[in-house]
Amino acid sequence: MTARSCAEAIHEAIVDDEALAALPSWLARAAGARSAMIQWRHRDGVHEIIAFNHHTAACAALYGWKYAPLDPWVKAALASPRRGELLRLDDCVPAAAFERSRLYREFIRPQGDDTFHAAVAVFATAWGEGLLSLHRGKSEAPFTQSDIEPLGACLPHLDRLLRARGEVIARRRRDQVVRDSLDAVALGAIIVCGDGRIARANLAADQVLRRADGFRTKGGVLSCAAPESRPRLQAALALATAPDNPMATAIPVERVVVEPGAGGRRERPLAYMVSVTPMSGGGDGPRAMLVFRDPDGPEETLAGRLRALLRPARFELAIPTDLPDGLTAVRVSAAPSARF
């Protein structure tokens, strides 16, 4: 392995997903390891597996979701102040302690695997930490300094790879968290750029957009069905996305329904009352959030209002249950949850 081949392999993986998928096997061979894993740790402690070998995709996903935060090797590497270098962790995590760990008892051993030695490097960025883990089996010797020296020239390039990939991963998860939060809201919510382009809409708003009786879209740009509502919306968006002193406003958006039949009679049901609020757009420029209640939504019917009143709160979903060894809590869910 040369420094040039190391740099080329890693730099190719920055933009090529197939090259990224092949990178763990390449790094494992360079260090005489059986397996390698590249993962990302978000600022809130959630892990995502970026690339791996040796394990199946299902096992890697399970590791990232459940066992990466419990991994004693990962914990030891994150606790170390040394960044950007491979750490041999057999001294930090003694064999007896590793065998008692949940990672070994619940994840490694039940698969018939014998992963037992590790070297881990942590790369710190503004968006989280990237980690490279190298593994050997129980019958193999622990890593020595001479084993991991060949990868020394690769580590700065891995740092650049994880900075580039990590920013994309962190942005994607941030957007997913925002979408999930908006979908949990009973109100319609639409995030709009200053030019009217829709950046995001939650499920309640999407139903209203599909109905097209008040809001309409053309080429991804938000508009109104009723001509008299269009200038109101444009003015509210201009105020909310103004570069200096943006302001929130509340406007009605009239609804237009064309009934089938002779003459296509047009009805004017109850309008949407819309709050247009400024929000930070980060690097994408100023944005505004439109929040409104759907007058025809399920919560507006009598049955819907009763369901809303009787719906248990989140904390009520943990129901205390008496068991022989004391009081515990059982989570109740509308859908079956996975058990590992």
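Nothing in this text is a laboratory measurement; each read-out follows from the coordinates by a stated rule. Since the structure is predicted, the reported quantities are computational estimates derived from the model, not experimental observations. In this analysis, Cβ positions are derived from the backbone assuming ideal geometry, glycine residues included, and neighbour counts consider all displayed protein chains.
Annotations for the structure displayed:
- Proximal lysines to Lys75, defined as alpha-carbon separation beneath 29 angstrom and excluding residues fewer than eight positions away on the same chain: Lys66, Lys138
- Three semi-axes of the equivalent ellipsoid, the stretch 1-102, Cα gyration tensor, whole Å, largest first: 24, 17, 14
- Cβ-based exposure ranking for Val276, Val221, in which fewest neighbours within 10 Å come first: Val221, Val276
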